[in-house]
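Novice: One structure, pasted below without further comment.
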Amino acid sequence: MIDDQVDFQLIDCREQNEFDHCNIDGILIPMNEIPARFEEISKEKPVVVHCKSGMRSAHVIQFLEQNYGYTNLANLEGGILDWIRQIDPSLSAY
């Protein structure tokens, strides 16, 4: 999506300290803040949600779909750890 210059939103649902360690320029909305900040997440364009390994982001997606009717969400499977392994090994894993 980045390479194809798709207009999408990247949501990082990790904690601030994880984001500070390494990030891929997503909007930080920690998992526990999603209920209060869900309106910051677009319903108009594709949204990719990510965390460290893909588990938290999967739960966030399920929550948003069930409670707020989102239909445009995708999980970055494997999270930032797979991103580091497959896309950008210059980032430091934790």
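The values are calculated or read from the model by the stated rules, or taken from the named source; none is laboratory data. Keep in mind that this is a model prediction, so the values were computed, not measured. Glycine also receives a Cβ, built like all others from the backbone with ideal geometry; neighbour counts cover every protein chain displayed.
Novice: Would you mind finding the one in Ser53, Ser42, Ser57 that is surrounded by 11 or more Cβ atoms within 10 Å (Cβ to Cβ), farther than 27 Å from Pro89 by Cβ and of a type in the set (Ser, Thr, Tyr)?
Specialist: Working: Ser53 fails: farther than 27 Å from Pro89 by Cβ; Ser57 fails: farther than 27 Å from Pro89 by Cβ.
Going through Ser53, Ser42, Ser57 in turn, just one is surrounded by 11 or more Cβ atoms within 10 Å (Cβ to Cβ), farther than 27 Å from Pro89 by Cβ and of a type in the set (Ser, Thr, Tyr): Ser42.
Novice: Moving on to the next point. May I ask you to verify whether Ile61 is over 14 Å from Asn32 (Cα atoms) and aliphatic (A, V, I, L, M)? Quick ask: steps written out before the conclusion?
Specialist: Numbers: over 14 Å from Asn32 (Cα atoms): no; aliphatic (A, V, I, L, M): yes.
No: the conditions fail for Ile61.
Novice: For Gln66, all conditions in the list (1) without any contact (Cβ under 8 Å) to a residue 12 or more places away in the chain; (2) outside any helix (DSSP H, G or I); (3) not aliphatic (A, V, I, L, M) hold save one; what is the number of the exception?
Specialist: Result: Gln66 passes all but (2).
Novice: For Ser53, state whether it is among the hydroxyl-bearing types (Ser, Thr, Tyr), in a helix (DSSP H, G or I) and modelled with pLDDT of 95 or more.
Specialist: No: the conditions fail for Ser53.
Novice: Also, quick follow-up: What pairs can you find where one residue is in the stretch 35-48 and without any contact (Cβ under 8 Å) to a residue 24 or more places away in the chain and of a type in the set (Asp, Glu), the other is in a loop (DSSP other than H, G, I, E, B) and surrounded by 11 or more Cβ atoms within 10 Å (Cβ to Cβ), and their Cβ atoms are less than 7 Å apart, with a gap of 6+ or different chains?
Specialist: Glu40/Ile29
Novice: List pairs: first in the stretch 1-26 and touching a residue at least 24 places away in the same chain (Cβ under 8 Å) and closer than 18 Å to Arg85 by Cβ, second assigned to a loop (DSSP other than H, G, I, E, B) and among the hydroxyl-bearing types (Ser, Thr, Tyr), Cβ under 8 Å, 6+ apart or cross-chain?
Specialist: Correct list of pairs: Glu18/Tyr94; His21/Ser92; His21/Tyr94; Cys22/Ser92; Cys22/Tyr94.
Novice: Also, quick follow-up: Take the residues of the stretch 60-85 that are within 12 Å of Ile24 (Cβ to Cβ) and not small (Gly, Ala, Ser): which is surrounded by the most Cβ atoms within 10 Å (Cβ to Cβ)?
Specialist: In the first step, residues of the stretch 60-85 are kept if they are within 12 Å of Ile24 (Cβ to Cβ); the result is 76, 79-84.
Cutting the leftovers down to not small (Gly, Ala, Ser) gives us 76, 80-84.
Working: Leu76: 21, Ile80: 28, Leu81: 16, Asp82: 15, Trp83: 17, Ile84: 18.
Filtering the stretch 60-85 for residues that are within 12 Å of Ile24 (Cβ to Cβ) and not small (Gly, Ala, Ser), the one surrounded by the most Cβ atoms within 10 Å (Cβ to Cβ) comes out as Ile80.
Novice: Does at least one position in the stretch 79-91 carry a residue that is among the hydroxyl-bearing types (Ser, Thr, Tyr), assigned to a loop (DSSP other than H, G, I, E, B), out of contact with any helix residue (DSSP H, G or I) (no Cβ under 8 Å at 6 or more places or on another chain) and at negative phi?
Specialist: So the first thing to find is which residues in the stretch 79-91 are among the hydroxyl-bearing types (Ser, Thr, Tyr), and the list is 90.
With the extra rule that they be assigned to a loop (DSSP other than H, G, I, E, B), the set shrinks to 90.
Subset that is out of contact with any helix residue (DSSP H, G or I) (no Cβ under 8 Å at 6 or more places or on another chain): 90.
If we keep only those that are at negative phi as well, we get 90.
Looking through the stretch 79-91, at least one residue is among the hydroxyl-bearing types (Ser, Thr, Tyr), assigned to a loop (DSSP other than H, G, I, E, B), out of contact with any helix residue (DSSP H, G or I) (no Cβ under 8 Å at 6 or more places or on another chain) and at negative phi.
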